[in-house]
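Read-outs throughout are calculated quantities, based only on the coordinates presented, and are distinct from any laboratory measurement. The structure presented is a predicted model; accordingly, all values stated were derived computationally and were not measured. No Cβ is skipped: glycine too gets one built from the backbone with ideal geometry, and neighbour counts run over all protein chains shown.
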Amino acid sequence: MISGENGDELIKMVEKAKESNALLVFLFHGVGGEHSLDVSLSAHRELLTYLRKNESLVWTTTMAEVAVHIRVIQENEIGK
């Protein structure tokens, strides 16, 4: 859950996930104010800019697509 982190902190989370080949899920309740769980518009923009610049290194997708990907991997493992 993201609440008040700045752009550098969000990017460091991505870098840590990349280093450990981990799944990282950002849960934004609000962007730009007026929410109790919020991230600033500038921090959100920094993260999105970073992700765009690194799109060949960071897979950005929906949770539904992640679930399908995991299911395909599992089915392939069972079939071996």
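Just a few scattered comments:
- Label separation (Arg45 vs Thr61): 3.0 nm, computed from points 7 Å beyond Cα along the C-beta direction.
- Most mobile of Ala67, Ala22, Ala43 in a GNM of the chain (Cα contacts under 10 Å): Ala67
- Taking Val31, Val72 and counting other C-beta atoms within 10 Å, the order from fewest to most: Val72, Val31
- q = 0.24, 0.31 Å⁻¹, the stretch 22-69: log10 I(q)/I(0) [Debye, one scatterer per Cα]: -0.99, -1.12
- Taking each residue as 0.36 nm, the span from Ser20 to Val68 lengthens on full extension beyond its C-alpha to C-alpha distance by 15.1 nm.
- Against the rule of thumb 2.2 N^0.38 Å, how large the Cα Rg of the chain comes out: 1.29
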